[in-house]
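Here's the structure, in structure tokens; my notes come after.
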Amino acid sequence: MIERIAFGHTGHMSTRTIFGAAALGSMRQEKADAVLDLLLEFGVNHIDTAAGYGDSELRIAPWMAKHRDRFFLATKTGARDAVGARESLARSLDRLDVDQIDLIQLHNLVETEEQDVALEPGGALEALVAARDAGLVRFIGVTGHGTFAPKRHLESLHRFPFDSVLVPCNFAMLAQPEYAQDFEELHATCLERGVAFQTIKSIARRRWRGGDDEPRHSWYRPIRDHAALKRAVRFVLSRPGVFLNTSSDTTLLRATLEAAAAAGAGPSDAELRDDGRTLGIEPLFVRGVSDGV
């Protein structure tokens, strides 16, 4: 089974590997049910979806009806104003067919202009705090892609006591000094304040290229070599208090969960550099070059 630790100060003991439900966005219900059943096999007890993940919330709903008490359920809203956030949350509650969501997150809040709208009066945060007060959600978080995500989250945490953050994390990303500095500062701040620290893109290999001919189940090319994948998972989970959100490529879900269950000490930098050279691993996000999805 996969280790469970406190999800920040929420009081929930979450598995350190969280199911990233973007994977369900375009699946038929029968296949989605089979994927979700795999979570029971490995004891995963935390699901992370979003209003913008296609039909993901709809695929979760009928399965979750049988297992709601076993899972911490998180979703996200891309709205930046209060009206949009209220409507987005109401739609998510309806699509998930639940009375309460454990964690609602401001999705990919990394642009300063969007931060100002979302966090000021009349912004999305105002609506989410009201929803928390009304018992529709329990906790509020913020997520981000790109190299500015850790820096922007630090700014967001100075403006509001968010319960969780989410940022990219893998060896290639942290090999970029500017990103690594912001990441480490955010990680230390979250550990100090009891803020749950979620990560994405743990098994990313690089962006797709024109000549790549393997099936594309996620927007980036993942690591498929099982030994290298295990090292990539161990790299993330060797950090204290860090959660790993799984890839949208469900063909690698079992391998990822097996690696998380085995976990152990982190790999050496030399091993990860060798994987990088052998597989041509590159950071998905490079400041000033490729910060978008």
By DSSP, what percent of the beta bridges with both residues in region 160-293 are antiparallel, rounded to the nearest 5?
35
Quote the relative contact order of the chain in percent (integer), defining contacts as alpha-carbon pairs under 8 Å separated by 6+ residues.
18
Euclidean distance between Cα centres, region 229-293 to region 1-73, Å:
20
Sorting Arg59, Arg70 by accessible area (1.4 Å probe), largest first, what list results?
Arg70, Arg59
Need one word for region 1-157: rounded, prolate or oblate. Basis is the Cα gyration tensor (sqrt eigenvalues a ≥ b ≥ c); a/c below 1.5 gives rounded, then a/b vs b/c decides.
prolate
For the chain, set up a Gaussian network in which alpha carbons nearer than 10 Å are linked by springs, and say which option among Ala74, Ala21, Ala34 fluctuates the most.
Ala34
Could you rank the peptides 89-95, 265-271 by their average count of other C-beta atoms within 10 Å per residue, with the highest value first?
89-95, 265-271
Once ligands and nucleic acids are excluded and a 1.4 Å probe is used, how much of Met13 is accessible, expressed in Å² to the nearest 10?
100
If you take every DSSP beta bridge whose two residues both sit in the chain, what share of them, in percent to the nearest 5, is antiparallel?
25
Using helices alone, what [θ] at 222 nm do you get for the chain, with -39,500 (n - 2.57) per DSSP H run of 4 or more residues, divided over all residues and rounded to the nearest 500?
-13000 deg cm²/dmol
Relative contact order in percent for region 118-230 (Cα pairs under 8 Å, 6+ apart) equals 19
From the alpha carbon gyration tensor of the chain, can you work out the equivalent ellipsoid semi-axes (sqrt of 5 times each eigenvalue) and give them in Å, largest to smallest?
28, 23, 18
Tell me, what % of the accessible area of region 42-201 is carbon and sulfur with a 1.4 angstrom probe?
49
Would you mind putting 78-85, 252-259, 284-291, 209-216 in packing order, based on average other-beta-carbon counts within 10 Å, highest first?
252-259, 78-85, 284-291, 209-216
Highest mean first, how do 150-156, 217-223 rank when packing is the count of other Cβ atoms within 10 Å averaged over residues?
150-156, 217-223
Taking region 54-104 and dividing mean pair separation by its residue count, relative contact order in percent (alpha carbons under 8 Å, at least six apart)
50
Once label points are set 7 Å from the Cα along Cα→Cβ at both Asp116 and His9, what is their separation, rounded to one decimal in nm?
3.0
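The values are calculated or read from the model by the stated rules, or taken from the named source; none is laboratory data. Bear in mind that the values here come from a model prediction, so they are computed numbers and not experimental data. In this analysis, Cβ positions are derived from the backbone assuming ideal geometry, glycine residues included, and neighbour counts consider all displayed protein chains. Quick note on the areas: whole protein, heavy atoms, side chains included, nothing else; ligands and nucleic acids left out. Shrake-Rupley method; radii C 1.70, N 1.55, O 1.52, S 1.80 Å.
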